[in-house]
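First comes the structure, then the notes that go with it.
The values are calculated or read from the model by the stated rules, or taken from the named source; none is laboratory data. Keep in mind the model is a prediction, meaning the values are calculated, not measured. Positions of Cβ are backbone-derived with ideal geometry, glycine not excepted, and every protein chain shown enters the neighbour counts. Each accessible area value is taken on the protein alone, full model and side chains, heavy atoms only, with ligands, DNA and RNA left out. Shrake-Rupley method; radii C 1.70, N 1.55, O 1.52, S 1.80 Å.
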Amino acid sequence: ALRASISRVLALQLGATTLGTLLFWAGSGPHAAFSAMVGGLLCFFAGLPYALRVSAVRTASPMQVLWLHGWGELSKIGIAIGVMLVIFVRFEQEIAALPMLCTYILATLSYWVALIRSD
(Lines give C-alpha, C1' and ligand atoms only; values in the text may rest on other atoms or scores of the structure.)
Protein backbone atom coordinates (compact mmCIF):
# COMPACT_ATOMS: atom_id res chain seq x y z
CA ALA A 1 0.00 0.00 0.00
CA LEU A 2 2.82 2.39 0.87
CA ARG A 3 4.73 1.68 -2.33
CA ALA A 4 1.54 2.18 -4.34
CA SER A 5 0.95 5.54 -2.65
CA ILE A 6 4.52 6.65 -3.31
CA SER A 7 4.28 5.52 -6.93
CA ARG A 8 0.99 7.40 -7.27
CA VAL A 9 2.55 10.62 -5.94
CA LEU A 10 5.55 10.35 -8.24
CA ALA A 11 3.34 9.60 -11.25
CA LEU A 12 1.06 12.52 -10.40
CA GLN A 13 4.09 14.80 -10.09
CA LEU A 14 5.34 13.79 -13.51
CA GLY A 15 1.84 14.26 -14.91
CA ALA A 16 1.60 17.73 -13.33
CA THR A 17 5.01 18.56 -14.77
CA THR A 18 3.89 17.50 -18.23
CA LEU A 19 0.62 19.41 -17.92
CA GLY A 20 2.33 22.58 -16.71
CA THR A 21 4.95 22.34 -19.45
CA LEU A 22 2.32 21.93 -22.16
CA LEU A 23 0.12 24.72 -20.82
CA PHE A 24 3.01 27.17 -20.63
CA TRP A 25 4.21 26.08 -24.07
CA ALA A 26 0.77 26.81 -25.54
CA GLY A 27 0.34 30.05 -23.63
CA SER A 28 3.79 31.59 -23.57
CA GLY A 29 6.17 29.58 -25.74
CA PRO A 30 9.24 27.39 -25.29
CA HIS A 31 11.09 29.56 -22.75
CA ALA A 32 8.15 29.43 -20.33
CA ALA A 33 7.63 25.74 -21.06
CA PHE A 34 11.26 24.96 -20.23
CA SER A 35 10.95 26.94 -16.99
CA ALA A 36 7.74 25.08 -16.12
CA MET A 37 9.43 21.74 -16.77
CA VAL A 38 12.33 22.73 -14.49
CA GLY A 39 9.88 23.60 -11.69
CA GLY A 40 8.03 20.31 -11.94
CA LEU A 41 11.19 18.23 -12.13
CA LEU A 42 12.61 20.13 -9.17
CA CYS A 43 9.63 19.03 -7.10
CA PHE A 44 9.97 15.45 -8.34
CA PHE A 45 13.70 15.14 -7.66
CA ALA A 46 13.57 16.97 -4.32
CA GLY A 47 11.00 14.45 -3.06
CA LEU A 48 12.59 11.36 -4.59
CA PRO A 49 15.15 10.69 -1.80
CA TYR A 50 12.35 10.98 0.77
CA ALA A 51 10.15 8.55 -1.19
CA LEU A 52 12.98 6.05 -1.62
CA ARG A 53 13.92 6.17 2.06
CA VAL A 54 10.34 5.73 3.27
CA SER A 55 9.69 2.86 0.89
CA ALA A 56 12.89 1.07 1.95
CA VAL A 57 11.88 0.82 5.62
CA ARG A 58 10.23 -2.52 6.36
CA THR A 59 9.48 -2.31 10.07
CA ALA A 60 9.91 0.54 12.48
CA SER A 61 8.49 1.82 15.72
CA PRO A 62 6.01 4.69 15.55
CA MET A 63 8.71 7.09 16.78
CA GLN A 64 11.12 5.92 14.08
CA VAL A 65 8.43 6.43 11.45
CA LEU A 66 7.76 9.93 12.79
CA TRP A 67 11.47 10.82 12.65
CA LEU A 68 11.80 9.29 9.20
CA HIS A 69 8.97 11.43 7.83
CA GLY A 70 10.16 14.53 9.67
CA TRP A 71 13.69 14.27 8.29
CA GLY A 72 12.31 13.35 4.89
CA GLU A 73 10.18 16.49 4.74
CA LEU A 74 13.05 18.62 6.03
CA SER A 75 15.44 17.22 3.45
CA LYS A 76 12.87 17.70 0.67
CA ILE A 77 12.38 21.34 1.62
CA GLY A 78 16.13 21.89 1.98
CA ILE A 79 16.87 20.36 -1.42
CA ALA A 80 14.10 22.38 -3.08
CA ILE A 81 15.22 25.69 -1.55
CA GLY A 82 18.89 25.00 -2.31
CA VAL A 83 18.24 24.08 -5.93
CA MET A 84 15.88 27.04 -6.40
CA LEU A 85 18.58 29.39 -5.13
CA VAL A 86 21.11 27.91 -7.53
CA ILE A 87 18.64 28.12 -10.41
CA PHE A 88 17.72 31.74 -9.72
CA VAL A 89 21.31 32.86 -9.19
CA ARG A 90 23.11 30.81 -11.83
CA PHE A 91 20.40 30.57 -14.51
CA GLU A 92 18.64 33.88 -14.00
CA GLN A 93 18.36 34.61 -17.75
CA GLU A 94 17.36 31.09 -18.76
CA ILE A 95 14.51 30.57 -16.28
CA ALA A 96 11.23 32.45 -16.02
CA ALA A 97 10.23 32.48 -12.35
CA LEU A 98 6.44 32.41 -12.72
CA PRO A 99 6.16 29.26 -14.89
CA MET A 100 8.77 27.50 -12.78
CA LEU A 101 7.05 28.28 -9.49
CA CYS A 102 3.55 27.58 -10.84
CA THR A 103 4.51 24.11 -12.03
CA TYR A 104 6.48 23.45 -8.83
CA ILE A 105 3.34 24.26 -6.83
CA LEU A 106 1.16 22.18 -9.16
CA ALA A 107 3.49 19.19 -8.74
CA THR A 108 3.56 19.73 -4.96
CA LEU A 109 -0.24 19.54 -4.89
CA SER A 110 0.14 15.96 -6.09
CA TYR A 111 0.68 14.94 -2.47
CA TRP A 112 -2.78 16.23 -1.58
CA VAL A 113 -4.39 14.64 -4.62
CA ALA A 114 -2.78 11.31 -3.75
CA LEU A 115 -4.01 11.56 -0.14
CA ILE A 116 -7.53 12.43 -1.20
CA ARG A 117 -7.62 9.60 -3.74
CA SER A 118 -5.91 7.01 -1.53
CA ASP A 119 -7.54 3.62 -1.18
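Summing charges over all other residues whose Cβ lies under 13 Å from the Cβ of residue 55, with Lys and Arg as +1 and Asp and Glu as -1, gives +4. 5 Å is the cut-off here: which amide hydrogens, built 1.01 Å from N in the peptide plane, fall below it relative to residue 96, excluding neighbours closer than 5 in sequence? Amide H to amide H, under 5 Å and 5 or more residues apart or across chains, residue 96 pairs with 35.
For the options 21, 103, 59, a Gaussian network treatment of the chain with springs between C-alpha atoms closer than 10 Å singles out 59 as fluctuating the most. Electrostatic tally near residue 68: other residues with Cβ closer than 14 Å to its Cβ, Lys and Arg +1, Asp and Glu -1, net +2. Heavy-atom accessible area with a 1.4 Å probe sorts 3, 8, largest first, into 3, 8. A simple spin-label model places the labels of residue 60 and residue 81 2.2 nm from each other, with each point 7 Å out along Cα-to-Cβ.
For the stretch 1-26, the residues whose backbone nitrogen is under 19 Å from a point 7 Å from the Cα of residue 116, taken along Cα to Cβ, are 5-20.
Accessible surface calculations at 1.4 Å, restricted to protein heavy atoms, place the stretch 1-102 at 61 Å² per residue.
GNM remark for the chain: springs join alpha carbons under 10 Å apart, and the peak mean-square fluctuation among 84, 100, 63 falls on 63. Considering only 75, 52, 13, and ranking their Cα positions along the charge dipole of the chain that arises from unit charges at the beta-carbon of Lys, Arg, Asp and Glu, the one farthest toward the positive end is 52.
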